[in-house]
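*Asks:* One structure coming up, written as structure tokens, with questions to follow.
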Amino acid sequence: MKLFNALLLLTSILCVVNASAQTELLSNKIFPLKKYDKDHLYRIALPMGGIGTGTVSLGGSGQLQDWEVMNVPAKGYSTVTTGNDAPFFAIYTKKKDEKPNTKALLGPIHYADYQHYEGRSVDHHGFPRFREASFETTYPFGIVNLADKTMPVDVKIVGYNPLVPADADASGIPMAILKYEVTNTSNAELEVAVSGNIRNFIGKDGRKHKTDWKGDFIPTGAKDNKNEYKATDKLQGIYMYSEGVEKDDAAWGTFAISTPANEGRTTYRTSSVHNKWYNSTLNFWDDFSADGLLTEKDKTADVDPLASLAVLKTLKAGETKSFTFYLSWHFPNRYAWSAERLTNYYATQYTDAWNVIEKEIERLPELTEQTLTFVNALQESSYPKVLKEAALFNLSTLRSQTVFRTSDGYLFGWEGVMDRFGSCMGSCTHVWNYEQATAFLFNDLAKGMREVEFKYAMNSEGHMGFRTKLPLKEGASGIDVAAADGQMGTIMKFYRDWQLSGDDEFLNTYWPKVKTALAFAWVENGWDGDVDGVMEGVQHNTMDVEYFGPNPQMQIWYLGALKAAEQMALHQKDKAFAKKCAKLYNYGSAWTDEHLFNGEYYFHKIQTPASKEYIAKGLMSSMGSKDIVNPDFQLETGCLVDQLVGQYMAHVLGLGYLVKEENVKTALESILKYNQRDGLFEHFNNMRTYAMGDEKALLMASWPNGGRPTVPFPYWAEVMTGFEYTAAIGMLYEGMEQEGLECIKNIRDRYDGQKRNPFDEAECGHHYARAMASWASLLAESGFQYSGVDKSIRFTDKPGKYFWSNGSAWGMCEITKEGKDYRVTLEVLYGSVELQSFQLEEYKVHNFKSANVIITNEKLEFNY
């Protein structure tokens, strides 16, 4: 922390002493959280784009990859041109009286890409490149460093998209910002030009989206695509559109590459020569390499829609200047898991790709500063570095194709995305239950997800389909199967989002539905058919099978739902329902400790149902065991990695212990003892593999005392980060800080840039939603809890500086201690909060004489 503060001070001094040009450099304002050397770049791909807009990723060597702007994922294949025709940026340099130099703004090709039947398995294989590359990042900012002994310049590529917690619209702009910061390392004046080059790819998404999400896709492609140069007093660039793609196609839309009007001497080409034998790229290269300027082609000729935009500047010896480019897009049609065409939310905010940048260009400096304030505040916090990395880098999932917003503003999510399509539709409740990032950073989006679950995915009997179908139809959009963990989790999430927002109208509106959702557990032959606080029934769950009989995973979720419902009932003055919830909770909690805890951990007690009526009630899927006497796919005596997931959620919500405190810690110690592996060379896994070799991980399950079922639940031998975070964060809450940090470090060591992408924690798909559970590590470390209902806030009593966010405001809390006295400084950096009380750990509540409304850039200071 001392080193970080010293760097802050040194940077401030340098900025004052140095010339104004230096103070304008964005890279000077970014304090990298993580740095990757030349050996750890291969897998890096930082998504640049807004929430629900799709992205293009900045690769570790400066390449633009994974063009996922046309409503579909694009891992392992391309929605744009490939090879030497793929989009790229190039740089031209020239000293007076010397020959010019031209290179692609890319680092060296990795050896893994050297062999191919045509010798070109990687894009831009034939271009001159920089010999040295490295990568730095504090998400959402990525910085690629390029250098070469043959070039008179060093280059920093800064790529990002604004990310402002509590402002989903500001964080949902369909664009990528690229700043090429070029330093003249020579002793003479240089002419420097940077050019961005993109062939019009509209229509080329590899598939056509007019069928059901499970149906066949018909290949489509770009045709009759046109480029148009545009200029205003604020910006200039090239606008791309198509006259040959059907307007209801998911790949129909517009794209633009632009630069500020005053950026420098700007030249352009809206096309190149016909691309026979790849001559269009050659034609561009010769044109640009001659003098750093571009010459528009004769439009009457047979041309190729390769658009190029270049900016030329003069740099003095030792001087650094920034070349700014904007990539913006507008593809309004989304089919997702719907047979009907949906409209992306961002398309209701902008009319086309040019309108995106035209509307936002003046606001970008402010949004960039707000983004810097956010990430630098988190950087300055006292949290261990690995927690900052895990929490922050996984926010990239919110900007990936895992997530989208429809025209009504609702947020939806796949579980993750495969290479070319989404993975597991429907904002799956038992997956999204784990993640905390959405609620604590964008509370309005989280509340919208609750509305969808209770208003649309649940029927009048309380059956909530754990996946939501689109388009929405009130009370009829849930699939036919309800999941016990998913449904109980939505009740706890509703409580969380109500508390964070303090929105009593939200509770008043949906309280009857919340009650009905909980009461569904009590239907005859249901999860708790005898209504005693214990789930003995057939319970579909996140393992994609049914557990038969009481088990810790569903049972503790149930206890958490009962406790949350009791609190909401008391607030609603629904005393009878509150009393019933309390009675069931008390019995169920005691029963769980007595019957499911074996002295080391909580286990599964097989109990088969007396009848098959549960099938008609939508409690079982087609994937589970059909033998109710000797069912397959069970946990039984196993030690499950997330057996305490309901307790993890209860800690996040401030609901206290759901089972005996001493048993919780013992169970976590057992998970570490029995499920931890320091290497996986000897580990057998018949399913998917997300950790291997000498990597350290927590297995999904173990059977330390024997008794593993012949056919256990499907994922028993796997490793998945969302589940690991649940256990690790549970350890943090129990004071097992070293153990919890070690588990999280093991995860992040696996996503090291060399083996895996640091911005893509995978489970059943890339950018898996469950991994955003990592945000809760900051909650555990800071002890942060906020209630907009009680207007109260709480932190740990451990001195330090803690970034906090409640989904509608965020800031910093600094806690210092002298002797027995505490000094608290609570600062709001964005939004506003109203506070009536403050609490440190278990100390007495500090009540203010009157409610304090703290707004942006205001502080509340007091002694404790």
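Every number here is computed from the coordinates shown, using simple stated rules; none is lab data. Treat the numbers as computed from the prediction; the structure is a model and nothing was measured. Cβ placement follows ideal geometry from the backbone for every residue including glycine, while neighbour counts extend to all protein chains displayed.
*Asks:* Place a point 7 Å from the Cα of LYS798 along the Cα-to-Cβ direction; which residues of the range 739-764 have their backbone N under 11 Å from it?
*Replies:* Zone members listed by number: 739-741.
*Asks:* Straight distance only, please: which lysines reach the Cα of LYS473 with their own Cα at less than 19 Å, same-chain residues fewer than 8 apart left out?
*Replies:* Of all the lysines, those that pass the test against LYS473 - Cα under 19 Å, at least 8 places apart if same chain - are LYS447, LYS455, LYS513.
*Asks:* Taking +1 at the Cβ of each Lys and Arg and -1 at the Cβ of each Asp and Glu, which of VAL153, VAL122, VAL164 sits farthest along the dipole of the range 22-180 towards its positive end, judged by Cα position relative to the Cα centre?
*Replies:* VAL153
*Asks:* Check which residues have an amide H placed less than 5 Å from GLU695's amide H, if you skip close sequence neighbours.
*Replies:* It is LEU680, by chain and number.
*Asks:* Just to confirm the filter: which trypsin sites (Lys or Arg not before Pro) across the range 460-526 are DSSP coil and have at most 12 other Cβ within 10 angstrom of their Cβ? Intermediate values should be presented prior to the final figure.
*Replies:* Values: sites: ARG467, LYS469, LYS473, LYS493, ARG496, LYS513, LYS515; in loops: ARG467, LYS469, LYS473.
Here the trypsin sites (Lys or Arg not before Pro) that fit, given the DSSP loop and packing criteria, are LYS473.
*Asks:* If you don't mind, another one. For LYS665, give me every one of the aspartates and glutamates with a C-alpha distance below 17 angstrom, ignoring sequence neighbours fewer than eight places off in its own chain.
*Replies:* ASP593, GLU594, GLU600, ASP642, GLU724, GLU734, GLU737, GLU739, GLU742, GLU781
*Asks:* Based on DSSP H runs of at least 4 residues, each adding -39500 (n - 2.57), what is the mean residue ellipticity at 222 nm of the chain after dividing by all its residues, to the nearest 500 deg cm²/dmol?
*Replies:* Details: 19 runs with 222 residues, N = 864.
Value at 222 nm, helices only, nearest 500: -8000 deg cm²/dmol.
*Asks:* Would you mind checking the radius of gyration and Dmax of the range 2-339 based on alpha-carbon positions, in Å?
*Replies:* Computed over the Cα atoms of the range 2-339, radius of gyration and Dmax are 20.1, 64 Å.
*Asks:* While we're looking at this one, here's another question. Work out the P(r) tail for the range 721-827: percent of alpha carbon pairs separated by more than 25 Å, whole number.
*Replies:* Values: 1937 of 5671 pairs.
Distances greater than 25 Å cover 34 percent of the Cα pairs.
*Asks:* Quick check on my link table: of LYS103/LYS313; LYS204/LYS469; LYS223/LYS299; LYS230/LYS359, which ones sit more than 20 Å apart, alpha carbon to alpha carbon?
*Replies:* Among LYS103/LYS313; LYS204/LYS469; LYS223/LYS299; LYS230/LYS359, the Cα-Cα distance tops 20 Å for LYS204/LYS469.
*Asks:* If you take the square roots of the eigenvalues of the alpha-carbon gyration tensor of the range 381-782 and sort them as a ≥ b ≥ c, do you get rounded (a/c under 1.5), prolate (a/b over b/c) or oblate? Walk me through the numbers on the way to the answer.
*Replies:* Numbers: a/c = 1.35, a/b = 1.14, b/c = 1.18.
Because its axes are fairly even, with a/c under 1.5, the range 381-782 counts as rounded.
*Asks:* Assuming 0.36 nm per residue, please report the length gained on full extension of the stretch VAL711 to GLN754 beyond their Cα-Cα distance. Spell out each step's value before the answer.
*Replies:* Numbers: separation 43, 0.36 × 43 = 15.48 nm, distance 3.52 nm.
Roughly 12.0 nm would be gained on extension.
*Asks:* Just rank ILE238, ILE747, fewest to most, by other beta-carbon atoms within 10 angstrom. If you can, show how the numbers build up before the last one.
*Replies:* Numbers: ILE238 24, ILE747 27.
In increasing order of surrounding Cβ atoms, one gets ILE238, ILE747.
*Asks:* Something else now. With the crude spin-label approximation of a point 7 Å out along Cα→Cβ, what separation in nm comes out for LYS223 versus GLU340?
*Replies:* Going from the LYS223 label point to the GLU340 one covers 2.9 nm.
*Asks:* Same structure, new question: Determine the principal axes of the Cα atoms in the range 516-594, then give the extent along each, sorted from largest to smallest and rounded to whole angstroms.
*Replies:* 38, 27, 21
*Asks:* How about the range 243-294: which trypsin sites (Lys or Arg not before Pro) there are in a DSSP loop, with at most 10 other Cβ atoms within 10 Å of their Cβ?
*Replies:* Of the trypsin sites (Lys or Arg not before Pro), the ones in loops of the range 243-294 whose Cβ has at most 10 other Cβ atoms within 10 Å are LYS247.
*Asks:* Three principal axis extents, largest first, for the C-alpha atoms of the range 785-863, in Å?
*Replies:* In descending order, the Cα extents are 34, 22, 19 Å.
*Asks:* Taking N as the number of residues in the range 54-152, what value does Rg over Cα atoms divided by 2.2 N^0.38 Å take? Don't jump to the answer; show the numbers that get you there.
*Replies:* On the way: Rg = 14.9 Å, N = 99, 2.2 N^0.38 = 12.6 Å.
Here the answer is 1.18, to two decimals.
*Asks:* Can you sort GLU68, GLU718 by how many other beta carbons sit within 10 Å, fewest first? Display every interim value, and only then the final one.
*Replies:* Values: GLU68 25, GLU718 20.
The order, fewest Cβ neighbours first, is GLU718, GLU68.
*Asks:* Give the Kirkwood hydrodynamic radius (Å, one decimal) of the range 444-496, defined as one over the mean of 1/r across all pairs of different Cα atoms. Before the final figure, lay out the partial values.
*Replies:* Numbers: mean 1/r = 0.0930 Å⁻¹.
Computed over Cα pairs of the range 444-496, the Kirkwood hydrodynamic radius comes out at 10.7 Å.
*Asks:* What is the sum of charges around PRO32, taking Lys and Arg as +1, Asp and Glu as -1, for the other residues whose C-beta is under 13 Å from the C-beta of PRO32?
*Replies:* Working: positive: LYS29, LYS34, LYS35, LYS156, LYS385, LYS388; negative: ASP37, GLU136, GLU389.
Local charge sum for PRO32: +3.
*Asks:* Using only the Cα atoms of the range 579-646, what are the Rg and Dmax in Å?
*Replies:* That works out to 14.6, 38 Å for Rg and Dmax.
*Asks:* Let me ask something else. Please identify the DSSP H helices in the chain that span no less than 27 Å along the helix axis (Cα) and have a mean Kyte-Doolittle hydropathy of -1.0 or more.
*Replies:* Details: long enough: 552-571 (28 Å, 0.08); 575-595 (29 Å, -0.88).
Within the chain the helices that satisfy the rule are 552-571, 575-595.
*Asks:* How big, in percent, is the set of alpha carbon pairs in the range 221-378 lying more than 28 Å apart? Before the final figure, lay out the partial values.
*Replies:* Numbers: 4340 of 12403 pairs.
Considering the range 221-378, 35 percent of its Cα-Cα pairs are separated by more than 28 Å.
*Asks:* Would you work out if the range 602-685 is rounded, prolate or oblate? Take a ≥ b ≥ c from the square roots of the eigenvalues of the alpha-carbon gyration tensor; rounded if a/c is under 1.5, else prolate when a/b is larger than b/c, oblate otherwise. Walk me through the numbers before you get to the answer.
*Replies:* Working: a/c = 2.39, a/b = 1.34, b/c = 1.79.
Here the range 602-685 falls in the oblate category.
*Asks:* Looking only at Cα atoms, what is the convex hull volume of the chain per residue, in Å³? The partial results should precede the final answer.
*Replies:* Numbers: hull volume 143.1 nm³, N = 864.
Here the figure is 166 Å³ per residue.
*Asks:* Right, another one. Could you tell me which trypsin sites (Lys or Arg not before Pro) in the range 522-597 are loop residues by DSSP with no more than 13 other beta carbons within 10 angstrom of their beta carbon? Kindly include the intermediate steps, with their values, before the conclusion.
*Replies:* Numbers: sites: LYS563, LYS573, LYS575, LYS579, LYS580, LYS583; in loops: LYS573.
In loop regions of the range 522-597 (DSSP not H, G, I, E or B), the sparsely surrounded trypsin sites (Lys or Arg not before Pro) are LYS573.
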